[in-house]
Amino acid sequence: MKSAFRICSGRLLALFAALLLAFAAPAAWAQAAAKTKVVFQVSDADPAKWNLALNNVKNVQTDLGAGNVEIELVAYGPGIGILKAESVAGNRVREALGSGVAVVACENTMQNQKLTREDMLPGIGYVPAGVVELVRRQQQGWSYIRP
């Protein structure tokens, strides 16, 4: 009777371990496969801050691997200048876009500054409100950086 109990207990333990692995492995795999998500704020009119933000973006992609990270750069207020067609940082913004970074302009700021999409760099995206975009991204678990 004791040996039958041991066999039964051993099988139950093995079954429990198998079930534990079956449920834990997909969760661990999904967590490992999830990309790091980072949102950057650009709200200053200072080109040095723009370069700092773009350097930070590039460093995150380099250190974590561009395929392992999802990055969004949100420009609003005085920082909208980084995304104007004549921006001194235009080449760097195009480089960021080419490396998979989502770059978005605040339409509230554009409206207040009487800017149109034709005034902006090609390839960027648009959000109704830059600040709200930052709030939403943080609610979704994105890391927030303001250089």
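The values are calculated or read from the model by the stated rules, or taken from the named source; none is laboratory data. For clarity, every value in this text was computed on a predicted model and none was experimentally measured. Positions of Cβ are backbone-derived with ideal geometry, glycine not excepted, and every protein chain shown enters the neighbour counts.
Below is a table of values for the structure above.
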{"quantity": "Test for ALA85: is it more than 17 Å from GLY130 (Cβ to Cβ), loosely packed, with under 15 Cβ neighbours inside 10 Å, in contact with a Ser or Thr (Cβ under 7 Å, 6 or more places away or on another chain) and touching a residue at least 24 places away in the same chain (Cβ under 8 Å)", "calculated": "no"}
{"quantity": "Single match in VAL135, VAL93, VAL131 (criterion: among the aliphatic types (A, V, I, L, M), within 13 Å of VAL39 (Cβ to Cβ) and in contact (Cβ under 8 Å) with a residue 24 or more places away in the chain)", "calculated": "VAL131"}
{"quantity": "Subset of region 45-69 [among the small types (Gly, Ala, Ser) and not in a helix (DSSP H, G or I)]", "calculated": "ALA45, GLY65"}
{"quantity": "Failed condition for THR116, given (1) on the phi > 0 side of the Ramachandran plot; (2) out of contact with any strand residue (DSSP E or B) (no Cβ under 8 Å at 6 or more places or on another chain)", "calculated": "(1)"}
{"quantity": "The lone exception for GLU72 - which of (1) under 12 Å from VAL38 (Cα atoms); (2) part of a helix (DSSP H, G or I) it fails", "calculated": "(2)"}
{"quantity": "Total residues in region 95-147, condition in contact with a Gly (Cβ under 9 Å, 6 or more places away or on another chain), within 14 Å of ILE71 (Cβ to Cβ) and outside any helix (DSSP H, G or I)", "calculated": "4"}
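Okay, residues lined up against (1) of a type in the set (Ser, Thr, Tyr); (2) over 15 Å from the mean Cα position of the chain (by Cα); (3) not assigned by TED's automatic domain parsing to the domain that holds TRP50:
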{"position": "GLY100", "(1), (2), (3)": "no, no, no"}
{"position": "VAL104", "(1), (2), (3)": "no, no, no"}
{"position": "ASP119", "(1), (2), (3)": "no, yes, no"}
{"position": "TYR126", "(1), (2), (3)": "yes, yes, no"}
